[in-house]
Amino acid sequence: MTTVLITGAARGIGFELAKQYCQQGDRVYATVRDPNQAEPLQAVAETSGGLLTVHAMDVGDAAAVSACADALSEVAIDVLINNAGIFGGLDTQTFQNMDYDNWAHEFNVMAMGPFRVTQAFLPHVQAGSDKKIVTISSQTAAHAYDHVIGYSYASCKAAVNRLMTGLATELKEQEVIVVPLHPGWVKTEMAGDVADIEPEESARGCREVIAAMTLADSGRFLKWTGDVHAW
């Protein structure tokens, strides 16, 4: 049994990851900003026989992250998945029309958030067997992505990629694997139906890639297919 902690598990990729890990018999700690607003996740928890539990944690709030880490202080985590993300809308993050408050909010959640979660939960990961830290990123983070981008979202994902590759270097001697992971362009509430793949396919691919990761992968920007993403 693998013990997994997933942030932003109320919907989308995070929800699907939590559900699939639970279905294969793994122990899942699913974190959300407000457990009372996570009815589908709570429904999975109620029928999981204790394999999945729901915990409050806003990754944009340092006190909330510390409180969750303290509440789970006795838990050894094999795989930590930084998934929580937000998107303020494409029309408010263009060169002509930038919402700077939203940009700061996105940066706090999607760049600083995974960093503070990793800080708080590193002892839990070090106590685990797999010692894997995975951050769900995006192809828009890559210089190789030559399409129109939402500047705040893409820059936050680029920033978190660099933070994670830095942590991969720092934590390598401790044999902690740190990987930013592109989950594909997924049909979630954030992306909509114009995206390429269903959450079920993305989560399945991500789980397979995570299971196969070794220390040699640490610091690489991987895709849900297992390929290295050009960066």
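The values are calculated or read from the model by the stated rules, or taken from the named source; none is laboratory data. Every value quoted in this text rests on a predicted model; they were computed, and no experiment measured them. Virtual Cβ from ideal backbone geometry, glycine too; neighbours counted across all protein chains shown. All accessible areas refer to the heavy atoms of the entire protein, side chains included, with ligands and DNA or RNA removed. Shrake-Rupley method; radii C 1.70, N 1.55, O 1.52, S 1.80 Å.
Per the helix-only calculation at 222 nm, which mean residue ellipticity applies to the chain, given -39500 (n - 2.57) for every DSSP H run of n ≥ 4 and division by its residues, nearest 500 deg cm²/dmol?
On the way: 7 runs with 87 residues, N = 231.
Estimated from H runs of four or more residues: -12000 deg cm²/dmol.
Which percent of the accessible heavy-atom area of the chain goes to carbon and sulfur, probe 1.4 angstrom? Mind showing how you got there, number by number?
On the way: 5370 of 10670 Å².
Answer for the chain is 50 percent, counting heavy atoms of protein chains only.
How much length is gained on full extension from ARG204 to GLU170, taking 0.36 nm per residue of separation minus their Cα-Cα distance?
Numbers: separation 34, 0.36 × 34 = 12.24 nm, distance 2.92 nm.
My answer for the length gained is 9.3 nm.
Shape verdict for region 29-179, please, from the Cα gyration tensor: rounded (a/c under 1.5), prolate (a/b greater than b/c) or oblate.
Working: a/c = 2.11, a/b = 1.36, b/c = 1.56.
It comes out oblate by the Cα gyration axes.
Relative to a virtual label point 7 Å from the Cα of ASN97 in the Cα→beta-carbon direction, which members of region 152-182 show backbone nitrogen distances below 17 Å?
Hits in region 152-182 for ASN97 at 17 Å: 152-153.
Mind checking which lysines have their C-alpha under 24 Å from LYS172, skipping anything on the same chain fewer than 8 residues away?
LYS131, LYS132, LYS157, LYS223
Provide the per-residue ³J(HN,Hα) series for region 122-137, in order, calculated from phi with Karplus coefficients 6.51, -1.76, 1.60 and θ = phi - 60°, each as a whole number of Hz, with x at glycine and proline positions.
Values, residue by residue: 4, x, 5, 5, 4, 7, x, 8, 7, 6, 10, 10, 10, 10, 5, 10 Hz.
Among DSSP beta bridges lying fully in region 1-113, give the percent that are antiparallel, nearest 5. Don't skip to the answer; put the middle values down first.
Numbers: 1 of 13 bridges.
Of the beta bridges lying entirely in region 1-113, close to 10 percent run antiparallel.
Taking GluC sites (Glu not before Pro) as exposed when DSSP calls them loop (any state but H, G, I, E, B) and at most 16 other Cβ atoms lie within 10 Å, what is the longest stretch of the chain free of them, the sites themselves excluded?
Numbers: sites that count: GLU74, GLU175, GLU189.
Maximal segment without exposed cleavage sites: 75-174.
Tell me, what ³J(HN,Hα) does each residue in region 9-22 have, in order and in whole Hz, if you take phi through Karplus 6.51 cos²θ - 1.76 cosθ + 1.60 with θ = phi - 60° and put x for Gly and Pro?
Residue by residue, region 9-22 yields 8, 6, 7, x, 4, x, 4, 5, 4, 4, 5, 5, 4, 4 Hz.
Could you give me the ³J(HN,Hα) list for region 55-65, computed from phi with Karplus coefficients 6.51, -1.76, 1.60 and θ = phi - 60°, whole Hz, x at Gly and Pro?
These are the phi-based 3J(HN,Hα) values: 9, 7, 6, 9, 5, x, 10, 4, 5, 5, 5 Hz.
With a 1.4 Å probe and all protein chains left in place, how much accessible area per residue does the chain have, in Å²?
Details: 10670 Å² over 231 residues.
Counting only protein heavy atoms, the per-residue value for the chain is 46 Å².
Could you tell me which chymotrypsin sites (Phe, Trp or Tyr not before Pro) in region 82-159 are loop residues by DSSP with no more than 11 other beta carbons within 10 angstrom of their beta carbon? Provide the component values of the computation, followed by the final result.
Values: sites: PHE87, PHE95, TYR100, TRP103, PHE107, PHE115, PHE121, TYR145, TYR151, TYR153; in loops: PHE87, PHE95, TYR145.
Those that pass, being in a loop and sparsely packed, are PHE95.
Over the chain, what is the percentage of antiparallel beta bridges among all DSSP beta bridges, to the nearest 5? Walk me through the numbers before you get to the answer.
Numbers: 2 of 26 bridges.
That works out to approximately 10 percent antiparallel.
Would you work out if region 82-127 is rounded, prolate or oblate? Take a ≥ b ≥ c from the square roots of the eigenvalues of the alpha-carbon gyration tensor; rounded if a/c is under 1.5, else prolate when a/b is larger than b/c, oblate otherwise.
Values: a/c = 5.30, a/b = 3.47, b/c = 1.53.
It is prolate, given that a/c is not under 1.5 and a/b is the larger ratio.
Put +1 on the Cβ of every Lys and Arg and -1 on every Asp and Glu Cβ in the chain; which of ALA64, VAL32, MET112 then has its Cα farthest towards the positive end of the dipole?
About the Cα centre, the residue reaching furthest to the positive side is MET112.
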